[in-house]
Amino acid sequence: MTLTEKLLARASGKAHVRPGDNVWVNVDVLMTHDVCGPGTIGVFKREFGQNAKVWDRNKVVIIPDHYIFTSDSMSNRNVDILRDFVQEQDIPYFYDVIDDPKGHWKFDTSKGQYKSQHGSHYTGVCHTTLPWKGHLRPGEVLFGTDSHTCMAGAFNQFATGIGNTDAGFILGTGKLLIKVPESMRFRLEGELPVGVMAKDVILHVIGDIGFDGATYRAMQWEGPGVHSLTMDDRMTIANMAIEAGGKNGVFPCDDKTLDYVNERVQENGTKSEFTPVELDGDQTFIYDKTFDLSELEPTVACHPDPGNRKLAREMSDVSLDRAYIGSCTGGKTSDFLAFAEIVKGRSVKIDTYGVPATTKVVQELKNTRWNGQTVWEVLESAGVRMTENASCAACLGGPVDSFGRLNTPMKCISATNRNFPGRMGNKESQVFLASPYTVAASALTGKITDPREYLS
C-alpha cells in the first residue's frame, strides 16, 4: 500500500484498503479556526444537542488566525464564539488572541497594525501553530476546517481540509467517512541549487500537472532528494497539494521528522506516542515521475491560477505594484531569513509587506542577529512594512482593513499559496506566486526578478 493507504487502513482498523474504498476513520486531531469554527459549532449543536459534549476534548485544537486584526465587528465576534465554546467544553488547546477567558476581543484601530495587539496565548496561523505546539505526529490522521490542512502531510500524516458539516460530525463522534484516494508519486533526486527554494519545487510540479492535475488524489513525495529537504521545505510543498486539487500530500518519516516532532511534543507536553507508516516495496500509483531538484530554477505562478508556470528569468518585463511575504506557506522563520538575505543593505522599490506566520517567528526574527542588527531590523531598514501581529492577514483577502490587502487593482508578487482572482482582495488584481527569494529580489527592482542575480 501507499503511505496514504496505510494511514487510512490503520485509522479504520483494516488490514488493507485500496483506492475507491469508503472507510470510517478514527480522527486523531480536529482543528478549526475563527472563520469556520462558529459554523462547525453550530452544526455540532444542531445535530447532537445544545448540551452535547465533544467526543474527546484533548483532540480538538482551536486557533483564531484568519480575520483577527480587523475592526470588522462580526470577525471579532467569531473569536468570542470560539472562546465561549472552549469554556463550555473545557478544551485545553485554544490559542486565544486575548488572555482574559471571560473577555471580548476587539481590535484597537488607534494602535495600528504594526505593533502587537494580542495576549500571551496567541500563536498565529493554524497550520504553522500545529507543528510548533506539538499537535502533529507521524502516523496520525488530522482533519481541519481549512483547505491548507494538507500541510501536515509533511509529518507523515493523512491530513486534509473539510467543511463545517464534516467537522461538526467529528466533534460529536470522532469519526469520518473517507473515500481512499488514488496516489501519485513524485520522486525527488539531487539537491536544491543556489537561489531555488521548496516553493519553486511545488510551483514547478503544479505547472507540470496542472492546478487540477491531482484532483482527489494523494501526492506522495519520495526519493533521496526528500531527505535533503528541511521540515520547513516539506511543509511548503505539502501545503500546496490543494493547489493541484490534491486530497492530501504526504512524506515518509525520517530522522528530521522525528527530531522535529520529539522536540515539540516534549516542549509542549502533548501526546508523545506515535508510530510512523513506512514505505512499502510494493505500491501502486496512478502517476509516477522523477524530478531532479538540481535542474530547477526560480519559478513563478502567474495570474490567474497556481498552474500557470513561468521562469522568473523570463518575466523581467512584468512591472509590480506590491510585494508580500507571509502566510502558512511563506511566513516561516526560514522564509524571512531567505528574504532578508536578499534585501540586507538594500532598499525595496515597491510597497512591501511582511507578516510572520506565528508569534514565535516574530520573536526569532527579533532575536536573530546579523552583524549587530536583528533580522527584524534588517527587514525594516530595507523598507519592509513588518507587523508584529502574526496572522493570515492579506493571504485570503479578508476585511478591507486587513494588513497588506489589495484594495485596488494592482500587481503583487507574493510568497503565499493561492492566486485565483480576488484571493488577496481586489478581483481585478493580479497575484504572482513565488519563493521568498524571488519575492525579495522583485521587491528591490519593482519587476519580477530572478533572485540568483543577488546571490553568489
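Fully extending the segment from ARG187 to ASP21, taken as 0.36 nm per residue of separation minus the present Cα-Cα distance, adds 57.2 nm. Coupling constants for the range 75-80 follow from the phi torsions by the Karplus curve (6.51 cos²θ - 1.76 cosθ + 1.60, θ = phi - 60°), and in residue order they are 5, 4, 5, 4, 5, 5 Hz; glycine and proline get x.
Packing here is the average count of other Cβ atoms within 10 Å per residue, and on that basis the peptides 338-346, 252-260, highest first, run 338-346, 252-260. Estimated at 0.36 nm per residue, the fully extended path between ASP208 and HIS227 surpasses their Cα-Cα distance by 4.6 nm. For the pair SER71 and THR290 in one chain, pulling the backbone fully straight at 0.36 nm per residue adds 74.0 nm over the alpha carbon distance.
Excluding ligands, DNA and RNA, the accessible surface per residue across the range 347-456 is 35 Å² with a 1.4 Å probe.
Amide H to amide H distances under 5 Å link ASN26 with SER12, where only residues 5 or more positions off or on other chains count and H is placed in the peptide plane. Rounded to the nearest 20, the size of the Cβ-charge dipole of the chain about its Cα centre is 780 debye, with Lys and Arg at +1 and Asp and Glu at -1. Extending 7 Å from the Cα toward the beta-carbon at both ASN407 and SER110 defines two label points whose distance is 2.1 nm.
Residue-wise HN-Hα couplings along the range 307-319, as the Karplus relation 6.51 cos²θ - 1.76 cosθ + 1.60 with θ = phi - 60° gives them from phi, are x, 7, 8, 9, 8, 4, 5, 9, 10, 5, 8, 8, 7 Hz; Gly and Pro carry x.
Computed from these coordinates, which is Rg and Dmax of the Cα atoms in Å: [x] 23.5, 78; [y] 20.9, 62; [z] 22.7, 71? Given [x] 23.5, 78; [y] 20.9, 62; [z] 22.7, 71, the structure-derived one carries the label [y]. The H on the amide N of GLU140, modeled in the peptide plane, is under 5 Å from the matching H of PHE158, each at least 5 residues off or on a different chain. Roughly speaking, what is the centre-to-centre gap between the range 276-349 and the range 419-456 when only Cα atoms are used, to the nearest Å? Each part's Cα centre sits 10 Å from the other's. Highest mean packing first, where packing is the average number of other Cβ atoms within 10 Å per residue, the peptides 261-274, 203-216 line up as 203-216, 261-274. Close amide H contacts of ARG217 (hydrogens built in the peptide plane, cut-off under 5 Å, sequence separation of 5 or more or a different chain): LYS247, ASN248. Between SER381 and THR368, the modelled labels are 1.6 nm apart [label points 7 Å from Cα along Cα→Cβ].
Separation of the range 184-210 and the range 87-157, taken as the distance between their Cα centroids, equals 29 angstrom. Solvent-accessible area assigned to carbon and sulfur over the chain amounts to 45 percent, based on a 1.4 Å probe. Here the Karplus curve 6.51 cos²θ - 1.76 cosθ + 1.60, taken at θ = phi - 60°, turns the phi angles of the range 368-385 into couplings of 7, 10, 10, 6, x, 10, 6, 4, 4, 5, 4, 5, 5, 5, 7, x, 6, 7 Hz, with x standing for Gly and Pro.
Under 13 Å from a label point set 7 Å out along the Cα-to-Cβ vector of SER272, no amide N atom of the range 88-113 is found. Using just its DSSP H runs of length 4 or more, each adding -39500 (n - 2.57), the chain gives a mean residue ellipticity at 222 nm of -8500 deg cm²/dmol after division by all residues.
Every Cα-Cα pair in the range 180-294 was counted, and those over 17 Å apart are 57% of them. Summed over the residues of the range 101-260 and divided among them, the accessible surface reaches 30 Å² per residue at a probe radius of 1.4 Å. By the rule of a C-alpha distance below 19 Å, with chain neighbours fewer than 8 residues away ignored, the aspartates and glutamates paired with LYS6 are ASP21, ASP28, GLU140, GLU182, GLU222, ASP254, GLU273, GLU278, ASP280, ASP282, ASP288.
The values are calculated or read from the model by the stated rules, or taken from the named source; none is laboratory data. Since the model is a prediction, treat every value here as computed from it, not as a measurement. As a convention, Cβ positions derive from the backbone with ideal geometry for all residues, glycine included, and neighbour counts pool all protein chains shown. Please note that ligands, DNA and RNA were not included when accessible areas were found on the heavy atoms of the full protein model with its side chains. Shrake-Rupley method; radii C 1.70, N 1.55, O 1.52, S 1.80 Å.
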